[in-house]
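Participant: First, the structure itself, so that you have it in front of you.
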Amino acid sequence: MEEIVVEITHQMSFVEYKVFNRFPIRIGRAFDNDLILADPFISPHHLEVGINNGLLYANEVGNENGVFYNKHHYWGRFIPIQIGEEVVIGNTKMRFFAKDSEVKKTRLLYKMPGFIKFLSKDHVAVPFILIVILFISLTDYLLSGGAKDFPAIKIVMDIIARFVFASMWCGFWALIGKVAKHSPKFLFQMVTFFLIYVLYFLCSYGLNYIGYIFNMAFSLAMLQFLLFGIIFGILFYANLSIATTLSRKFKLIITSILLIIILFISVVYYSYSKKDGSIYEPNASIYPSFVMIGKVKDIPQFIEEVNHTDFRLAVKKNE
C-alpha cells in the first residue's frame, strides 16, 4: 500500500477525501499534523495511522478522549484496522482506503420505472395524454347529463384548457430540470402528471360511490380537499424527483410543508364558506358518480335512513 485515501466525515455530515503517501499520518488539532481537524473533542496530537508489514494500524496518542473502533473504545494503544472500517475520534468519523479500492456503483439521479419509461416515448406519450384528457372530459360530459348542460363546444374548450394547464405546469418543471440537471424531460413530466391526474380522478369519484352505496352523509368538500392535498403532494414530490437532485429527506420536508399549508387553507376556507354551519353536502351521497349501483333511492327515502339532524336541515335549506 503506497498511498492511502482518507474519507473524513465531519460533525455536520460534510465529507472530504485526502490522499497520503507518507507514513505515519499524524492526526489532530495542532498545525504540525499531516491531517488537521478542527474538532474541539480531538487532542492537539490525537492519532497516528501507519502501515506495518502491509497492514494498517492506528496508534492513539492523545489520551484524553481515545478512539472508537469496531464498537470498542481504546486509549493509548496500537489498533489494527481494516480497510473501509470506521474509526471515530471526537465527533469526526474516518475511513481508510487503498487507491485501488472498489467504490459503490453510481446512483442515478432518478430511476425511471419501466412502464413510465415506455409511456414517455414520443410515439406513446402523445396518444396517452390525449386519450386521458378525452376520457376525463367525456366523463364530465356524461355526468353533467349530456348536451343540455354541457354542450359539445364546452368539451372542446375543456380539452384545450386541461392540455394548456398541464403543458404550463410541466413546462415549468422542465425548465427547472434543464437548469438543475441539464435535462428537461418534458414528456416524462407530462406522463407523470396525467398518471397522477387519473389517480385523483378515480379516487375522487370513488368517494361519491362510497357515500351512495353506504348511505353516508359525507362532508364531501372536506374529503375532496384532503384527497386533493394528498394527490398534489404525490405530484409535487414526483416533479421534484424528476427535475432536481434534492435528497429524499429534503423533498419530503418541502412536500410536507406544502401539504400542511394546503390543509390549513382548505379548513379555513371551508369553515367560513358554510354560512349555516352545516358540514354536510347532501347531493354527494344521494346521487352516484357515474354508474347506478344497486337500487336507486329517492331523496325522502335517503333522508329517512340518515340519522343526522344537521344533514336533514341542510337538505331542507337546499330544497
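Participant: List, please: which pairs have Cβ atoms under 6 Å, are six or more places apart or on different chains, and start with a residue in the range 155-178 that is under 18 Å from LEU240 (Cβ atoms) and assigned to a helix (DSSP H, G or I) and end with one that is open to solvent by 50 Å² or more (accessible area, probe 1.4 Å) and charged (D, E, K, R)?
Facilitator: Cβ pairs passing all conditions: GLY177/LYS185.
Participant: Count, please, the residues in the range 4-13 that happen to be more than 19 Å from PRO44 (Cα to Cα), within 28 Å of the chain's Cα centre (by Cα) and open to solvent by less than 50 Å² (accessible area, probe 1.4 Å).
Facilitator: Here the count works out to 0.
Participant: Can you pull out every residue in the range 85-132 that is modelled with pLDDT of 75 or more, loosely packed, with under 15 Cβ neighbours inside 10 Å and among the aromatic types (Phe, Trp, Tyr)?
Facilitator: Listed by number, the list holds a single entry, PHE118.
Participant: Among (1) open to solvent by 100 Å² or more (accessible area, probe 1.4 Å); (2) at pLDDT 80 or above; (3) in contact with a Ser or Thr (Cβ under 9 Å, 6 or more places away or on another chain), which single condition is ASN53 missing?
Facilitator: (3)
Participant: Does the range 177-184 contain at least one residue that is within 20 Å of the chain's Cα centre (by Cα), open to solvent by less than 70 Å² (accessible area, probe 1.4 Å) and among the hydrophobic types (A, V, I, L, M, F, W, C)?
Facilitator: Scanning the range 177-184 turns up at least one residue that is within 20 Å of the chain's Cα centre (by Cα), open to solvent by less than 70 Å² (accessible area, probe 1.4 Å) and among the hydrophobic types (A, V, I, L, M, F, W, C).
Participant: Can you tell me which residue in the range 14-43 is most open to solvent (accessible area, probe 1.4 Å), limited to those that are more than 16 Å from ASN59 (Cβ to Cβ) and of a type in the set (Phe, Trp, Tyr)?
Facilitator: The residue in question is PHE31.
Participant: Quick test of your reading of the structure: LYS275 fulfils all but one of (1) modelled with pLDDT of 80 or more; (2) open to solvent by 30 Å² or more (accessible area, probe 1.4 Å); (3) over 27 Å from VAL126 (Cβ atoms). Name the failing condition by number.
Facilitator: With (1) modelled with pLDDT of 80 or more; (2) open to solvent by 30 Å² or more (accessible area, probe 1.4 Å); (3) over 27 Å from VAL126 (Cβ atoms) applied to LYS275, the lone miss is (1).
Participant: Looking at PHE214, PHE172, PHE193 in this structure, which one is modelled with pLDDT of 85 or more and open to solvent by 30 Å² or more (accessible area, probe 1.4 Å)?
Facilitator: Working: PHE214 fails: modelled with pLDDT of 85 or more; PHE193 fails: open to solvent by 30 Å² or more (accessible area, probe 1.4 Å).
None of the other options fit; the residue is PHE172.
The values are calculated or read from the model by the stated rules, or taken from the named source; none is laboratory data. If you're wondering where the values come from, they're calculated on a predicted model, not measured in any experiment. Methodologically, a virtual Cβ is constructed for each residue, glycine included, from the backbone with ideal geometry; neighbour enumeration extends over all protein chains shown. Heavy atoms of the whole protein, side chains included, go into the accessibility calculation; ligands, DNA and RNA do not. Shrake-Rupley method; radii C 1.70, N 1.55, O 1.52, S 1.80 Å.
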